[in-house]
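Notes follow once the structure below has been shown.
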Amino acid sequence: MKQLAALLVLLALPCPPRAAAAVPGAGVVALLTHADAGRGLARPELFRRMAHRARARRRLLSAPANAQERPVRARVRAGLGGGGGGIVTNEYLLRVSVGTPPRPVALTLDTGSDLVWTQCEPCRGCFDQRLPLLDPAASSTYAALPCGAPPCRALPFASCGGGGGRGRGNRTCAYAYHYGDKSVTVGHLATDRFTFGDADAGGGGNAGDGGSLAARRLTFGCGHFNKGVFQSNETGIAGFGRGPWSLPSQLNVTTFSYCFTSMFGSASSVVTLGSAPAAALRGGAHVAGEVRSTPLLRNPSQPSLYFLSLHAISVGATRIPVPPPASASRRAASATAIIDSGASVTTLPEDLYEAVRAAFAAQVGLPPAGGGAALDLCFALPVAAALWRRRPTAVPALTLHLEGADWEMPRGNYVFEDLAARVMCVVLDAAPGGEQTVIGNFQQQDTHVVYDLENDRLSFAPARCDRLVASL
């Protein structure tokens, strides 16, 4: 903590202020790419990489901070630190441009956190990235926020350094933002022009004037010290949570949606903000099944996250009830699950996971896989399955029973088979010390998911997400 405080003081260097106009909400559409897209990797390797990222964060959550401390075990997604987000596994990347002239960045879409940030020059401690670091000095529309600005005052951990004046309001705002997996970003809070989609970065009016749906002035973190389990294909994180710094909040939209294509394919995914996704969901040619809806809940102890009421999980004919979190208040007792685009594998509280694991083991009828499997719930396939490549091995259906809606998982959203290795895995995992189920993006593939923030409703339907992308 002392090191972070010192870094904040060091980072709070004077920068010339620049005004930023308010932006009314309107529609934005942007494409997403999978973290491993374009690498030419086979399906088993893609799956192993995803599982490795998920397990790396799990190890961080249960690792002691130092030799004298007990293992860090928290109740919800490892707990959110002072001003931080959850656990991010950078599976789907939002590609936008920042500044004038525009420079590309690749941000993990994360509904489990709020801050939008990217790595910036000068870099005092950054992870390796393929794209050039964003250089604020090269943008004519960049403006560091003063400490008196409301976004800075709202940050749980911010600091002021030297500035061009005596008052706090004339000093620049430095921030530190923590994630549940012990990742951290430290830098300046600033505003600049963000360009989405294929908009003409050189036109469309002044940044922040609301004249273009695809170019907006937004507040973001310009990170100069960023540590954690990050990869070279990302440059930062785009928070989509309920908090004031998130992308939906800054765009002042009441709805957003995403449709993730399969992680094993090459097609882009899509995210929409502020258009009319609910109407498109019910009448879209890409929709491949029934549209279902469930309430979006709030938990006062974790106000940025999107909670759901998960009553039970069915494995085939076995229905397993989901108890309320032991530490939950009466008001939050029904908030038994979190939907999270930034987590890859769905995780369950340990007792619930063991019950689900036992139900699969009893019904699949195959021996457990040996050591070295990507996940814990894996089975050894018979030799015939690899030799003859017959139809997929039978597995029981997986259904999440939510308030007012059953989410029936397609087989490909919870089962992975590696015939060459003779292994079949159920893509679920236990959460270390977790009290809520976290529904990850692997289970959300080829599903159009709509967040109605005005009415606190989540709608979802099986979909051909590649067709949706092609229609835009």
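The values are calculated or read from the model by the stated rules, or taken from the named source; none is laboratory data. Everything quoted here is computed from the prediction, not taken from an experiment. Cβ: placed from backbone, ideal geometry, glycine included. Neighbour counts: every protein chain shown. Just the protein is used for accessible areas: all its heavy atoms, side chains included, with ligands, DNA and RNA removed. Shrake-Rupley method; radii C 1.70, N 1.55, O 1.52, S 1.80 Å.
Among the numbered conditions (1) in a loop (DSSP other than H, G, I, E, B); (2) open to solvent by less than 30 Å² (accessible area, probe 1.4 Å), the only one that F256 does not meet is (1).
Beta carbons closer than 9 Å, at least 6 apart along the sequence or on distinct chains, pair a first residue in region 288-302 that is in contact (Cβ under 8 Å) with a residue 24 or more places away in the chain and open to solvent by less than 30 Å² (accessible area, probe 1.4 Å) with a second that is acidic (D, E) and assigned to a loop (DSSP other than H, G, I, E, B) for T294/E403; L296/D456.
Could you tell me whether region 462-472 includes any residue that is hydrophobic (A, V, I, L, M, F, W, C), crowded, with 21+ Cβ neighbours inside 10 Å and either over 30 Å from A285 (Cβ atoms) or touching an Asp or Glu at 6+ places or on another chain (Cβ under 8 Å) (or both)?
Among the residues of region 462-472, at least one is hydrophobic (A, V, I, L, M, F, W, C), crowded, with 21+ Cβ neighbours inside 10 Å and either over 30 Å from A285 (Cβ atoms) or touching an Asp or Glu at 6+ places or on another chain (Cβ under 8 Å) (or both), which makes the answer yes.
Considering the conditions (1) in a loop (DSSP other than H, G, I, E, B); (2) within 24 Å of the chain's Cα centre (by Cα), L458 is excluded by exactly one of them, (1). Within region 402-429, residues that are without any contact (Cβ under 8 Å) to a residue 12 or more places away in the chain and within 22 Å of A358 (Cβ to Cβ) reach partners that are open to solvent by 10 Å² or more (accessible area, probe 1.4 Å) and outside any strand (DSSP E or B) with beta carbons closer than 8 Å, at six or more positions or on different chains, in the pairs E408/A397.
Selection of region 395-450 for residues being of a type in the set (D, E, K, R), more than 22 Å from P325 (Cα to Cα) and more than 17 Å from the chain's Cα centre (by Cα) yields E408, R411, E417, D418, R422. Among the residues of region 430-461, just one is polar (S, T, N, Q) and open to solvent by 40 Å² or more (accessible area, probe 1.4 Å), namely N455.
May I ask you to list the residues in region 358-372 that are within 16 Å of A397 (Cβ to Cβ) and not hydrophobic (A, V, I, L, M, F, W, C)?
Within region 358-372, Q363, G365 meet the criteria.
One residue stands out in region 180-195 among those that are at pLDDT below 90 and in contact with a Leu (Cβ under 8 Å, 6 or more places away or on another chain): the one that is nearest to D114 (Cα to Cα), namely G180.
For region 377-393, does any single residue satisfy the condition of being open to solvent by 40 Å² or more (accessible area, probe 1.4 Å) and among the β-branched types (V, I, T)? Yes, region 377-393 contains a residue that is open to solvent by 40 Å² or more (accessible area, probe 1.4 Å) and among the β-branched types (V, I, T).
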